[in-house]
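Student: The structure follows.
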Amino acid sequence: QVQLEESGGGLVQAGGSLRLSCLASGRNSGSTVMGWDRQTPGTQRELVARITASGITRYADSVKGRFSISQNKARNAVYLQMNSLNPEDTAVYYCYIQTPWGPSWGQGTQVTVSS
């Protein structure tokens, strides 16, 4: 098992910023693909961002130019800097990690953007 510890969610006004953090620990917590997904009631989980061990990133079209994913491989950590937030970004955000046994997600952290 790998454990994912998420932090940084909360309430922010439109136009503001939040920074999400995720630390991976336990077995198979070395360099790998990590990222963030999100989900709102009535929707399927959506890919938000991914980053490879070599630093290659990709983003959902809806967040390009506003969100930025980064990593600290020594800490097995990934971060999601979210800028210019709008109410449509309100969702539960889940940390993601690719393991030899398949993908895994954390418990999620709520991000709420007020109008």
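The values are calculated or read from the model by the stated rules, or taken from the named source; none is laboratory data. Predicted model only: the values in this text are computed from it and were never measured. All Cβ positions, glycine included, derive from the backbone under ideal geometry; neighbour counts span all protein chains shown. Only protein heavy atoms, including side chains, enter the accessible area calculation; ligands, DNA and RNA are left aside. Shrake-Rupley method; radii C 1.70, N 1.55, O 1.52, S 1.80 Å.
Student: Whole-Hz ³J(HN,Hα) for each residue in region 62-77, computed from phi via Karplus 6.51 cos²θ - 1.76 cosθ + 1.60 with θ = phi - 60°, x for glycine and proline: what do you get?
Tutor: 5, 10, 4, x, 10, 9, 9, 9, 9, 8, 10, 5, 4, 9, 6, 10
Student: Given the protein chains as shown and a 1.4 Å probe, how many square angstrom of Glu5 are accessible, to the nearest 10?
Tutor: That residue has around 130 Å² of solvent-accessible surface.
Student: In addition: In nm, to one decimal, how far is the modelled label at Gln44 from the one at Arg66, with both set 7 Å along Cα→Cβ?
Tutor: Going by the 7 Å Cα→Cβ label model, 2.2 nm.
Student: Right, next: Tell me, in nm to one decimal, what length is gained between Ser7 and Arg58 on full extension, where the rule is 0.36 nm per residue of separation less the Cα-Cα distance? Walk me through the numbers before you get to the answer.
Tutor: Working: separation 51, 0.36 × 51 = 18.36 nm, distance 2.16 nm.
The Ser7-Arg58 span can extend by a further 16.2 nm.
Student: Between Thr90 and Arg27, what FRET efficiency follows from the Cβ-Cβ distance if R0 is 35 Å, with the result rounded to 0.05?
Tutor: Efficiency, from the Cβ-Cβ distance: 0.55.
Student: Let me ask something else. Whole number in Å², please: accessible area per residue of the chain, 1.4 Å probe, ligands, DNA and RNA not counted. Let's see the in-between values first.
Tutor: Numbers: 6100 Å² over 115 residues.
Per residue, the chain has an accessible area of 53 Å².
Student: Could I ask something else about it? Mind putting a number on the dipole of the chain about its Cα centre? Charges go on the C-beta only, +1 for Lys and Arg and -1 for Asp and Glu, and I need it in Debye to the nearest 20. Mind dumping the intermediate values first?
Tutor: Values: 10 positive and 7 negative charges, 69 e Å.
With Lys and Arg at +1 and Asp and Glu at -1, about 340 debye.
Student: Right, here's the next one. Set the Förster distance to 22 Å, then compute FRET efficiency between Gln98 and Ser17 from the Cβ-Cβ distance, nearest 0.05.
Tutor: Efficiency, rounded to the nearest 0.05: 0.20.
Student: Based on Cβ point charges of +1 for Lys and Arg and -1 for Asp and Glu, what charge dipole magnitude is obtained for region 28-74 about its Cα centre, in debye rounded to the nearest 20? Working shown, then result.
Tutor: On the way: 7 positive and 3 negative charges, 18 e Å.
Around 80 debye, computed over region 28-74.
Student: Counting Lys and Arg as +1 and Asp and Glu as -1, each charge on the Cβ, what is the dipole of region 1-56 about the Cα centre in debye, to the nearest 20?
Tutor: Numbers: 5 positive and 4 negative charges, 16 e Å.
Charge dipole of region 1-56: 80 debye, to the nearest 20.
Student: Pop out the carbon and sulfur fraction of the accessible area of the chain as a percent, whole number, probe 1.4 Å. Mind showing how you got there, number by number?
Tutor: Numbers: 2870 of 6100 Å².
Summing carbon and sulfur atoms, their accessible area is 47 percent of the total for the chain.
Student: Subtract the Cα-Cα distance of Gln110 and Asn83 from 0.36 nm times their separation in residues, and report this length gain in nm to one decimal. Could the numbers behind the result be given before it?
Tutor: Working: separation 27, 0.36 × 27 = 9.72 nm, distance 1.60 nm.
Gain in length upon complete extension: 8.1 nm.
Student: Between beta-carbons, use under 9 Å as the cut-off and find the net charge around Gly106, counting Lys and Arg +1, Asp and Glu -1. Don't jump to the answer; show the numbers that get you there.
Tutor: Numbers: positive: none; negative: Glu5, Glu6.
Local charge sum for Gly106: -2.
Student: Go through Arg66, Arg38 and list them by solvent-accessible area, largest first, probe radius 1.4 Å. Show your work: numbers first, answer last.
Tutor: Values: Arg66 45, Arg38 20 Å².
So the residues, ranked largest to smallest area, are Arg66, Arg38.
Student: Here's a follow-up. So what is the relative contact order of the chain, in percent, for Cα pairs below 8 Å that sit 6 or more residues apart? Spell out each step's value before the answer.
Tutor: On the way: 274 pairs, mean separation 39.5, N = 115.
Relative contact order for the chain comes out at 34 percent.
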